[in-house]
1. Consider residue 226 against the criteria (1) in contact (Cβ under 8 Å) with a residue 24 or more places away in the chain; (2) surrounded by 13 or more Cβ atoms within 10 Å (Cβ to Cβ): it satisfies all of them except one. Which criterion is unmet?
2. Among the residues that make up the range 91-99, is at least one of them under 23 Å from the mean Cα position of the chain (by Cα), surrounded by 11 or more Cβ atoms within 10 Å (Cβ to Cβ) and touching a residue at least 40 places away in the same chain (Cβ under 8 Å)?
3. Tally up the residues in the range 152-191 that are more than 25 Å from residue 228 (Cα to Cα) and touching a residue at least 60 places away in the same chain (Cβ under 8 Å), please.
4. If the Cβ limit is 6 Å and pairs must be 6+ apart or interchain, which residue in the range 233-256 that is in the same structural domain as residue 183 (by TED's automatic domain parsing) and modelled with pLDDT of 50 or more pairs with which residue that is assigned to a helix (DSSP H, G or I) and surrounded by fewer than 16 Cβ atoms within 10 Å (Cβ to Cβ)?
5. All but one of (1) loosely packed, with under 10 Cβ neighbours inside 10 Å; (2) closer than 30 Å to residue 111 by Cβ; (3) without any contact (Cβ under 8 Å) to a residue 12 or more places away in the chain hold for residue 37; which doesn't?
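The values are calculated or read from the model by the stated rules, or taken from the named source; none is laboratory data. As the structure is a prediction and not an experimental result, all values here were calculated from the model. All Cβ positions, glycine included, derive from the backbone under ideal geometry; neighbour counts span all protein chains shown.
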């Protein structure tokens, strides 16, 4: 039904627009009966809202965990990214979020670990503070999302993880590096204190493509902060790559962009 959209459920069993894949599986009455009584969890075990450990997704938590189990069996790509997405909905729900920067502004917010192919290897529905394992460090609300979603990424096997400035913080990069994961992310200037760069007006005078780099050692890990001027300044931070080598830019100038 998610592939072949029709305006009403019963139309899938109609004589004119019937979808044989569905009609051969079960009758319409049987489908509606299952949909009416479907349950994934025991409501008597649900905690009250004011009790610690209350889960807004309690009623479908077993279903979500079964889906995650299947996702985690898929071998991951070398280059991964952590980001958020919105599942659009018009339903009334306390889980529904508003994000004006998304194409669909109202919906359920989901944090996703994806590869360059676009396949999602893990996910976490936003329903409040991220629940970490006892052995995982608390690095703040945004960085904890990356900590949780990268738990299944193999260690010390050259896996690279990218994320945007909402997630990025120096403690997160240090943690991932010590765990054997190679991180890179855009960063806000206030999250790299004592790292001075020229003002945007000065870099603008030098022209597009101007690069400034600062390297520091944080808790035994080398961290590279690169400020690059394009249409505006973009600042990235990483523990495995910096502004070198610059020869690639010369190749682009000779042969054009790919």
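1. Exception for residue 226: condition (1).
2. no
3. Matching residues across the range 152-191 total 4.
4. So the pair list comes out as 233/200.
5. Result: residue 37 fails condition (2) only.
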